Amino acid sequence: MSLFSIGLSAACVLLAGAVAGGAAGSPSPGAGYEGLLSFFREWREFQKPKVVGGVPDYGPRAMAAQQAELAAWRSRLAAIDPSGWPLPQQVDYHVVRAELNGLDFDHRVLKPWANNPAFYVTVFTEESDQPAREGPSALGAVEVWTYRFPLSAASAAAMDSGIRTIPKLLAQAKTNLTGNGKDLWIYGAKSLRRQSADLAALARQITAAPAAAEPVKALQGDVERARQATEDLAAWLEARAPSKTGSSGIGVDNYDWYLKNVQLVPGTWSDEVAIMERELARSHALLALEEQRNAKLPPQTPIANAEEHSRRFSAGVAEYIAFLRDHDILAVEDWMDPALRARTGSFSPGAREFFTEVDYRDPEVMRTHGYHWFDKGRMARRPHASPVRAQALLYNIFNTRTEGHATGWEEWMMQAGMFDTRPRSRELVYILLAERAARALGDLRMHSNEWTLEEASAFASAHTPRGWLRMDGDLVRGEQHLYLQQPGYGTSYVVGKIEIEKLLSERRQQLKDRFAMKAFMEEFDAAGLVPAALIRWELTGRRSAELDRMLK
């Protein structure tokens, strides 16, 4: 196709969309890849809710109007035929299709604006390690961690543009929230109480700074009003929680549809139950053998103070980076070491949550899962050439790639020899896998409406070795609450790992003696943060029968 033809096709797509309000135009089947990119840019704008008076509108009329237009968008996309395109472009097409399916599922099933009070939490004090924040949330997040304190006048004004909309958004929530899911309601109220605490802490940070310009003073007042509105909605939710009697899961049929059409995971709810039960058993069995082998070795002693924390975490990052470089596993870049060091935290005495139990015994183990920061670093430094992959995918569609790879990387680096001089650390890897499988079964059983969130949490706690996933901690229920809001997230760690293992195996068989891990990782990372099953297709050139069924 000539450059003129490409430009003309794209222009026709844009014109058709403009004539019908951006939805009713129908690109011809010959619109080509440029037509897809034009569609994608329009789609991302349509997917956002309308903003009225500075506040996103999730009211019944606005959502009904958006849903009514969605069919036309799906027809437009279906009119584009990607079958003759290069594989990477076909992958982009299926990613865009999955995003449209995600919005369709939101309207038909999840309805987070009506069913999920935590959807209205928009203040976040810590950076997510994912390309986009986990789980559904309303437009207009205030990412407090991106600001430097004391705030400048410009920064205060920028933060305030989000903070001052919170009271209106939460007032709207009282009208929008009509769901009957008991667990979503109860734990949504708890999430809003945490937002209130975060806003109180933010107010203290602002007040502690020297007196500054008018925007800072305005922000102080708006933070307090946002906190009061958050407290008010939390109390409103708590007062009505006893009347909520329904289950919060989506059901097995809906789960199957979501895996196939949105998350692009080859398999069903039943398949995933079998996988998680197998991985849970495997992790416990191999842990028992590791413990038997290491029985005469001294136990690993947790980090005991701030000095030891600083020293051991620093050494852990250095040793990990050196291992990757010296064993030709990854092309190590200068920014990677500081990217990991920036997330090692500081020593915390007292009771430890699960991942801290692991971290404080061998700080190098969880640096492997910190591959997330490599993913995010590459996105920021070298955005993908494809506009579809240059930004985070909607609906956490990336999770089998990001969470699946990071989880697999723990075990793969162990098999590559990273812990040969510290055999006890091999035990930690199997403990991590057991926790991921146990909590994933909670995800699955909550959505089949067999378990409540409390029952899923109790199961995950009981089946995580050594009692490290404590029922008196915050993590165990926090994880299950996320998985209840975002189906398939809890299982993505293990199913993504397995899908990437299939890819690794196939590339080894294809390349035989020419296979090299470093080269494999370069092509793997270059594919971007799209579902693992699509990366497998793109890199091997093989479209398996299971993938073929999924993409029909």
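The values are calculated or read from the model by the stated rules, or taken from the named source; none is laboratory data. Just so it is clear, the model here is predicted, and its values are computed rather than measured. No Cβ is skipped: glycine too gets one built from the backbone with ideal geometry, and neighbour counts run over all protein chains shown.
The set of residues from segment 532-543 being touching a residue at least 12 places away in the same chain (Cβ under 8 Å) and either more than 20 Å from Trp257 (Cβ to Cβ) or not assigned by TED's automatic domain parsing to the domain that holds Val265 (or both) comprises Ile535, Arg536, Trp537, Glu538, Leu539, Thr540, Gly541, Arg542.
Taking segment 390-410 as the region of interest, how many residues are touching a residue at least 60 places away in the same chain (Cβ under 8 Å) and among the aromatic types (Phe, Trp, Tyr)? Adding up the residues that qualify gives 2. The set of residues from segment 238-279 being in contact with a Lys or Arg (Cβ under 7 Å, 6 or more places away or on another chain) and surrounded by fewer than 22 Cβ atoms within 10 Å (Cβ to Cβ) comprises Lys244, Thr245, Gly246. Here Glu435 fulfils each of the conditions (1) of a type in the set (Asp, Glu); (2) closer than 24 Å to Gln485 by Cβ; (3) surrounded by fewer than 22 Cβ atoms within 10 Å (Cβ to Cβ) apart from (3). Going through (1) among the polar types (S, T, N, Q); (2) at pLDDT 95 or above; (3) assigned to a helix (DSSP H, G or I); (4) not assigned by TED's automatic domain parsing to the domain that holds Ser492 one by one, Ser283 falls short only on (4). Confirm whether Pro136 is in contact with a Leu (Cβ under 8 Å, 6 or more places away or on another chain), outside any helix (DSSP H, G or I) and either assigned by TED's automatic domain parsing to the domain that holds Leu219 or over 21 Å from Leu237 (Cα atoms) (or both). So Pro136 fits the description; yes. Within segment 229-248, being part of a helix (DSSP H, G or I) and touching a residue at least 24 places away in the same chain (Cβ under 8 Å) holds for Ala229, Thr230, Glu231, Asp232, Leu233, Ala234, Trp236, Leu237, Glu238, Arg240, Ala241.
The residues on offer are Leu219, Leu184, and the sole one that is at pLDDT 95 or above, within 28 Å of His447 (Cβ to Cβ) and assigned by TED's automatic domain parsing to the domain that holds Thr125 is Leu184. Among the residues of segment 273-332, those that are within 18 Å of Arg361 (Cβ to Cβ) and of a type in the set (Val, Ile, Thr) comprise Thr301, Ile303, Val317. For Leu151, the criteria (1) at pLDDT below 95; (2) in a helix (DSSP H, G or I); (3) surrounded by 17 or more Cβ atoms within 10 Å (Cβ to Cβ) hold in every case but one, which is (2).
When we screen Ala331, Ala406 for residues that are at pLDDT 95 or above, in a loop (DSSP other than H, G, I, E, B), aliphatic (A, V, I, L, M) and within 27 Å of Ile498 (Cβ to Cβ), the only hit is Ala331. Going by the structure shown, is Arg227 under 30 Å from Pro150 (Cβ atoms) and either in contact with a helix residue (DSSP H, G or I) (Cβ under 7 Å, 6 or more places away or on another chain) or basic (Lys, Arg) (or both)? The answer is yes for Arg227.
So is Trp451 among the aromatic types (Phe, Trp, Tyr) and assigned to a loop (DSSP other than H, G, I, E, B) or not? So Trp451 fits the description; yes.
For segment 209-226, enumerate the residues that are in a helix (DSSP H, G or I), touching a residue at least 40 places away in the same chain (Cβ under 8 Å) and not acidic (Asp, Glu). Passing the criteria: Pro215, Val216, Ala218, Leu219, Val223, Arg225, Ala226.
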